[in-house]
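These notes are about the structure you will find just below.
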There are 4 protein chains.
Amino acid sequence: MFVLLNLKAYPCDPTEIATVAADVADETGVRIAVAPQAADIAPVAETGVETWAQHVSGVEHGSHTGSTLAEATARAGATGTLLNHSEKRLRLAGIDDAIRSAERAGMETIVCANNPRQIAAAASLSPDFVAVEPPELIGTGMPVSKADPDIVTDSVEAAGGDVPVLCGAGISTGEDLSAAAELGAEGVLLASGVAKADDPRAALEALVEPL
Amino acid sequence: MFVLLNLKAYPCDPTEIATVAADVADETGVRIAVAPQAADIAPVAETGVETWAQHVSGVEHGSHTGSTLAEATARAGATGTLLNHSEKRLRLAGIDDAIRSAERAGMETIVCANNPRQIAAAASLSPDFVAVEPPELIGTGMPVSKADPDIVTDSVEAAGGDVPVLCGAGISTGEDLSAAAELGAEGVLLASGVAKADDPRAALEALVEPL
Amino acid sequence: MFVLLNLKAYPCDPTEIATVAADVADETGVRIAVAPQAADIAPVAETGVETWAQHVSGVEHGSHTGSTLAEATARAGATGTLLNHSEKRLRLAGIDDAIRSAERAGMETIVCANNPRQIAAAASLSPDFVAVEPPELIGTGMPVSKADPDIVTDSVEAAGGDVPVLCGAGISTGEDLSAAAELGAEGVLLASGVAKADDPRAALEALVEPL
Amino acid sequence: MFVLLNLKAYPCDPTEIATVAADVADETGVRIAVAPQAADIAPVAETGVETWAQHVSGVEHGSHTGSTLAEATARAGATGTLLNHSEKRLRLAGIDDAIRSAERAGMETIVCANNPRQIAAAASLSPDFVAVEPPELIGTGMPVSKADPDIVTDSVEAAGGDVPVLCGAGISTGEDLSAAAELGAEGVLLASGVAKADDPRAALEALVEPL
């Protein structure tokens, strides 16, 4: 299982959480990555944790003010990027371009989508992973693996076997993680459950404990 | 005169250019800032140069994946931000929100706009600076101060005396800079003229020499 | 007072409401306009009511698939257009372009904005009207004239006397309308209060009765 | 072959072209549809020609100012809609939503895309047609069937046999149309070749003559 911890724009200390994530990954052997703000990629990567961008733009070098150039995030230490997160929806052509930008910079990609139909579309663009996050579950605290298990199994089928499927939205316990794995998910996206926890280490350890 | 060097997504070494800019600023006493990719803010700021973001999002801490949180850029070392650059146009409410976000993080702001009418609108939102960049001149190599001097004087008038006006688009020589100053501009936005120069130090020194 | 009735994408019969609005305008002498979906402009205009577009694109004739060409809405019968409604936010340059497009097609314009600061910015672009709709009041049923009267008087002051100010958000009774007028508003934006009323005629008559 | 004539925001008389298209369709038996501005759908549909929208929004009835509600275009006479045209790119979730909106209103859909990879993604969302328009050919006058025939055959393969493929970009002669058909396309998107022709009837007749 691949566990990606998305720090969004949370008021957390990204290097502190990164250090915790690096420790828990080392101790447990579970693959855990942290996705901080672009400006925090360098200090997060210096902790030794696997570091991802939250987004890269589908542009090449050139006149693109305010873009997030894949090469710049890679140079700062990112080895992968989320794309098309529900909080950063991209145009279809933009997802395609951004995957190509990430590839060019040697980065892995996770393309997020709402439902199995969009997961099939996303998988057609050949990212490294797709992630299904039903918008109706985001922020409910209800794990997708419990609220709507069919959406996970249908997404795995829609992805066609070539692209591994992660699941997000509401995953916060080890039990949720195990349930997701049993449904065919090869990883999970985490956010507030760990990033906003009083004790991020305890939250992360409890989460990966069943693996 | 305030000289802001926008590194966009150019294939340059941002810390090398930052070091040059810091040196030239020290030697000449001219205020020179460098605006790199968000992921490059920390290493650029470590050179000691005044460091700006190319953009910040109009969001507060929270669930905003792929945003550019003002506080994160400030923590990395940015003390100001461009907003609404012609390559990163924002909604009217988004400019207002982003100025507020930057203020909250203790950062200065430059709001870019196309023409004197939009400069007046931008100035109404109380940024620290406005910058006029006529889109028809961008990339022509023709300085606005020569191609259309009225647009600078009209922008200074439109800004109403409270908000200093910078000018962009086509500034590349010391003569352009002097001409802009004579028209009432209190600074310039630079980009490829220095960032893509074979000898950035010579290009920057020649530019600020008349000041 | 100018009363603009925005039909949004409501499941109403636009020509029925237009007929009612035309009648009430005739009977009372109050200026009442109706803004339907673009595809409904022609049948709405045929009722004789003053007809507005909900949006026009800031484009000229040319290759712009899926745009809303000002000239096409004018030919169908629209004599004005809303711009930058909170449900159709535009970029600063896009508002400027769209006002120019509307002028070219001989249409009046109302630019919506969130607060007095944005009202000042919108007024700088020289539309025919600006309209203040505080986002925190939209859909609350609480009229802006009661919930936050200062936002109306501050908007009138921010518009600088040259551009009349309308107010929206929560206006549904004649009392709200009178209160808005006393605060300096020269009109109101209405939506669900009339468009979704069981008896639109009674709702509209009650609303304009105090005028 | 299905011929869709996109009138974009061209300075043409939409009902005149619609009348021509209806006549040529009747005479030749070729399926020809016309996609005008939303405000022109009603008069175009009254000519008897098959009428399409250039875009519909992925929304249901409700508070959506400036949207293009599928039901409103259908009521005006549209029986299908283009989606994600290169001049109106949509987010992945937005394409999915808009296809569902069109289905709800009983309309057919064509989803445009840049390349075979994006065609596969578009086809996964189950529209009635997909259309491939390589951006590098748009406006060149060079038909895709000649400039890059592989992109058509690859798109047909990518669409997987379930979704018929149209091709756009540069089609203007009967020969182009035949070539497209031989490569497996089941229709074409036309625009300026007919809409801006001095004699639209002659242009359209010449185009469908080989069929």
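The values are calculated or read from the model by the stated rules, or taken from the named source; none is laboratory data. None of the values given here were measured: they were computed from a predicted structure. Please note: Cβ atoms are built from the backbone with ideal geometry, for glycine as well, and neighbour counts cover all protein chains shown.
Of all residues in the stretch A:52-82 being among the polar types (S, T, N, Q) and not in a loop (DSSP other than H, G, I, E, B), which is farthest from the other protein chains (Cβ to nearest Cβ)? So the residue we want is A:T81. Go through the stretch B:90-113 and give me each residue that's surrounded by fewer than 21 Cβ atoms within 10 Å (Cβ to Cβ) and farther than 16 Å from C:Q118 by Cβ. Scanning the stretch B:90-113 gives B:R104, B:A105, B:G106, B:E108. Identify all residues within the stretch C:180-202 that are farther than 15 Å from C:A33 by Cβ, of a type outside the set (D, E) and modelled with pLDDT of 90 or more; write none if there are none. Of everything in the stretch C:180-202, those that are farther than 15 Å from C:A33 by Cβ, of a type outside the set (D, E) and modelled with pLDDT of 90 or more turn out to be C:A180, C:A181, C:L183, C:G184, C:A185, C:R201, C:A202.
Among the residues of the stretch B:35-85, those identified as crowded, with 24+ Cβ neighbours inside 10 Å, over 10 Å from A:A38 (Cβ atoms) and of a type in the set (V, I, T) are B:V44, B:V49, B:T51, B:V56, B:T81. Within the stretch D:10-51, the set of residues being hydrophobic (A, V, I, L, M, F, W, C), in contact (Cβ under 8 Å) with a residue 40 or more places away in the chain and within 10 Å of chain C (Cβ to nearest Cβ) comprises D:C12, D:A35.
Among residues of the stretch D:77-90 that are over 18 Å from D:V59 (Cα atoms), those with a Cβ under 6 angstrom from a residue that is in a loop (DSSP other than H, G, I, E, B) and modelled with pLDDT under 95, sequence gap 6+ or separate chain, pair up as D:S86/D:E133; D:S86/D:P135.
Of all the residues in the stretch D:151-171, those that are touching a residue at least 12 places away in the same chain (Cβ under 8 Å) and more than 14 Å from the chain's Cα centre (by Cα) number 12.
Across the stretch A:116-131, the number of residues qualifying as buried (at least 24 other Cβ atoms within 10 Å of the Cβ), facing another protein chain (nearest Cβ under 7 Å) and farther than 10 Å from A:V163 by Cβ comes to 2. Filtering the stretch C:136-149 to residues that are under 18 Å from C:A185 (Cα atoms) and out of contact with any Cys (no Cβ under 6 Å at 6 or more places or on another chain) leaves C:L137, C:I138, C:M142, C:P143, C:S145, C:K146, C:A147, C:D148, C:P149.
Give the stretch B:86-132 a look and list any residue that's touching a Cys at 6+ places or on another chain (Cβ under 7 Å) and under 13 Å from A:G66 (Cβ atoms), or say none. Passing the criteria: only B:S86. Among the residues of the stretch A:157-211, those identified as closer than 25 Å to A:S126 by Cα, among the acidic types (D, E) and part of a loop (DSSP other than H, G, I, E, B) are A:D162, A:E186. For the stretch D:11-34, enumerate the residues that are out of contact with any strand residue (DSSP E or B) (no Cβ under 7 Å at 6 or more places or on another chain) and within 19 Å of C:A39 (Cβ to Cβ). Result: D:C12, D:D13, D:P14, D:T15. Of note, B:D154 satisfies the criterion of being in contact with a helix residue (DSSP H, G or I) (Cβ under 9 Å, 6 or more places away or on another chain) and farther than 17 Å from B:S57 by Cα. Can you spot a residue in the stretch B:132-149 that is aliphatic (A, V, I, L, M), within 13 Å of chain C (Cβ to nearest Cβ), in a helix (DSSP H, G or I) and over 18 Å from the mean Cα position of the chain (by Cα)? No.
Determine whether B:A98 is in a strand (DSSP E or B) and either of a type outside the set (D, E, K, R) or farther than 13 Å from C:L92 by Cβ (or both). Judged against the criteria, B:A98 is not a match.
Report the residue count in the stretch A:19-48 for those that are closer than 24 Å to A:R104 by Cβ and either in contact with a Phe, Trp or Tyr (Cβ under 6 Å, 6 or more places away or on another chain) or assigned to a loop (DSSP other than H, G, I, E, B) (or both). Residues meeting the conditions: 5. The residue that is surrounded by the fewest Cβ atoms within 10 Å (Cβ to Cβ), among those in the stretch B:1-18 that are of a type outside the set (S, T, Y) and in a loop (DSSP other than H, G, I, E, B), is B:P11.
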